[in-house]
Structures are given as C-alpha cells and as structure tokens.
Amino acid sequence: MKGPLGFSGDDLLQEMQALQRKLLEGLKVLPGVEDVNYGATKRQEVWRDGKVALYRFVGEQAPTAKVPLLIVYALVNRPYMIDLQTDRSLVQGLLALGEDVYVLDWGYPDRSERYLTLEDYLLRFIDGAIDHLRATHGGAAIDLLGICQGGTFSLCYAALQREKVRNLITMVTPVDFHTPDNMLSNWARLIDVDLFVDTLGNIPADLMNASYLMLKPFRLNLQKYVGLLDILDDKRALEDFMRMEKWIFDSPDLAGEAFREFAKTFYQGNGLVQGTAAIGGHKVDLRALDMPVLNIFAEQDHLVPPAASRALGALVGSDDYTEVSFRGGHIGIYVSGRAQREVPTAIHQWLSERSGSPG
C-alpha cells in the first residue's frame, strides 16, 4: 500500500537496493576513469599578440569555403566549449561542411593585464586577428561569429569596422541587458563596480563561477551531483561529466578595467539599446550593421534570456536579418545531440546563401 508520500516501504527498499548496486558498480568503474581533456580538433597557431592567440582548426578535409570564419568567445570561460569532444563539437560540424574555422584564444590574464580595456580587446586583439586573416586571404572582409559576451564584442567591432566584416553571426548574445528575466543583469546593476574593481584589481575566476552557479543554486550545486549517482556505472558518461566540469572550472580571471567598462556600459547602462556604448571614444551605433546578420539564441537560456538576444532585430541597420532559435540552454546549444545536428548546418547554409555577397 502506498503511504501518504506516494510510495510504500517496498518501493523505498527497492530504491535503496538499486542505489547500492550503482555504488558498487561505480567502485569498479571509477578507477578506470582517466583524466579528461577538451579540445577535440587539431589546431595551428597563426597569429599572436601577447597572451592572445589566433588558431586555425584543421579538419580531415581541406575547407571549401573561400572566406574564413572567425569565432570570438567570451572572456569568462575558455573557448573550447565549441570543441569539447569529438561528438560534441560545433567546430567539427562546421569543418565537415567545408567552413574554414578560426578562434581567438584570450589566454589567462594576470596582473600585467590589469589595465586592459575594451578598446584593447576589440580594436587591438580582434582587429589585429582580422587584419591578419584579411592579409592572408586577399584583403577581403571575413565572416565573424560571436558567442555570448564575444557576440557583444562582435556587434561593437562590426559597427566600428564595417568594411572588415562580410557576414555577422551572433550566438546566445546579450543585446538588451535590462530585460526583466535577466537575473545576472539585475544583480550587476546593484554592484558598486568602481569599488569592486578598485578593491580586487583583476576579477577572480572563482568569484565569477560562484555567481553563475547561484543563478540556479539547486540545479547547479546539488541536483547535477545527485544525478551523478545514475551514471556511476557508465565510464563514458562519467568521462563526459568530468570533461564538462573541468571546462566549467577552468576559467580565467578577468582584466579589471575591461570588466569595469563592460559592466558599466552594458549591464548597468544597457549601452546597445540606449545608444550610449562607446569603445575607445568611438560611439557604437548598431544601425551601422548593414551586412547580413544571423542571430541565434537558445530557448531555455537562463544566462542570456531569448528576449535579451531578440532585441537585436530592432536595432541593426541591415535589411538581411535572420533570427533562429534552438531548443536548449546556454551550454546545450553547443553540446546537445540536437545542437550537433542542427546548429552547424544552419550556420553553414546561411553563409552559403550569402557566399556571393560583396566583401
């Protein structure tokens, strides 16, 4: 007979026995789980400025695309979420379709980078990498894919350097930082950013990670580790879990001045929507984005809610604006099985349809 909580004593006994079996199997499997790494695809360094490096991904076949596709990731995590493992790799999906894929690696800022600004990141590092790509590809404009904060960077860069970007793709990119459902922005607006940066200098990665985890404290601090019990007897699933955990906590510190500027300009000032954003004294006007724009967002994204991304459509000057949504969260849009099937194809098809666009 079921009790008032919906289960009987026999149900509870069977659940405990099943858990015991899982734990015993796990004791056999765990010693065989090796250290895991991420970054599945071979890559070659082609340009460097200090700690910032530009890499070209090397696929099993030569690219058929004539225009390089540069991926710009956020500062807060390493860029290898786009190439986590062989069966979870946006990069490999794009390479298989013939794209010529590059990524900027920001490295790990230390105290010597304390005073780097957004002007350094956009008009020195991104611009330097793009100038290198243009110089090695006949001087033509390149295709730019910005992800998360890297998407915000890419919007600003493309608005300031219109002639260097042929096609612009943004992915899970915040544009309107003041949507009601943006919890991270609501928090950031309450911070005394100047006191924060003046006290800490560079922003510690552990502090940023703790902030992200507290957006979903039960799911990200407890539930996922309880769920780990279900895969203790599955070596491959354990390695996948460990690879994801290793990426999550392998985060760089953030250059203090760049953090100050980003938080005040975007999280607090909502600079893209208000038209007040400026990089190195140059005003950012999204109406200058008259190139084709593809905006991709995740329907269950808790870090960048869909409304925060969809705001882009009303701000750009392009008459070729496309919006595509995929089921999944902020990370799932790169690594889920559905994403592997759908996202690289959508990007490649969109680019292919514009392959004749003037650079």
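The values are calculated or read from the model by the stated rules, or taken from the named source; none is laboratory data. Predicted model, so just to flag it, every value in this text is computed and none were measured. FYI the Cβ positions are ideal-geometry reconstructions off the backbone, even for glycines, and counts take in every protein chain you see.
Annotations
- Unique match (being more than 22 Å from R243 (Cα to Cα), loosely packed, with under 14 Cβ neighbours inside 10 Å and hydroxyl-bearing (S, T, Y)) among S355, S325: S355
- The number of residues in segment 154-184 being part of a helix (DSSP H, G or I) and surrounded by 14 or more Cβ atoms within 10 Å (Cβ to Cβ) comes to 11.
- Residue list for segment 194-210, filter: without any contact (Cβ under 8 Å) to a residue 12 or more places away in the chain and among the small types (G, A, S): A210
Residues checked against (1) in a helix (DSSP H, G or I); (2) out of contact with any Lys or Arg (no Cβ under 8 Å at 6 or more places or on another chain); (3) among the acidic types (D, E):
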site	(1), (2), (3)
Y108	no, no, no
L122	yes, yes, no
D127	yes, no, yes
D143	no, no, yes
N186	yes, yes, no
D194	yes, no, yes
T199	yes, yes, no
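- Candidates T117, T86, T136 - the one that is modelled with pLDDT under 95 and more than 17 Å from the chain's Cα centre (by Cα): T86
- Taking segment 302-317 as the range and being buried (at least 17 other Cβ atoms within 10 Å of the Cβ) and touching a strand residue (DSSP E or B) at 6+ places or on another chain (Cβ under 9 Å) as the test, the residues that pass are V304, P305, P306, A308, S309, L312, V316.
- Selection of first residues in segment 130-149 that are without any contact (Cβ under 8 Å) to a residue 40 or more places away in the chain and crowded, with 21+ Cβ neighbours inside 10 Å and of second residues that are in a strand (DSSP E or B) and among the β-branched types (V, I, T), restricted to Cβ pairs under 7 Å at least 6 apart or on distinct chains, gives an empty result.
- Qualifying helices (runs of 4 or more DSSP H) (wholly inside segment 242-317; at least 2 residues being of a type in the set (G, A, S)): 256-262, 306-310
- L215 vs. criteria assigned to a helix (DSSP H, G or I), out of contact with any strand residue (DSSP E or B) (no Cβ under 7 Å at 6 or more places or on another chain) and modelled with pLDDT under 90: no
- Between S352, S318, S336, the distinction of being at negative phi, in contact with an Asp or Glu (Cβ under 8 Å, 6 or more places away or on another chain) and among the small types (G, A, S) belongs to S318 only.
- One residue from V67, V76 being touching a strand residue (DSSP E or B) at 6+ places or on another chain (Cβ under 7 Å) and modelled with pLDDT of 95 or more: V67
- Test: residue in segment 145-156 that is under 16 Å from the mean Cα position of the chain (by Cα), under 21 Å from S355 (Cβ atoms) and of a type outside the set (S, T, Y): yes
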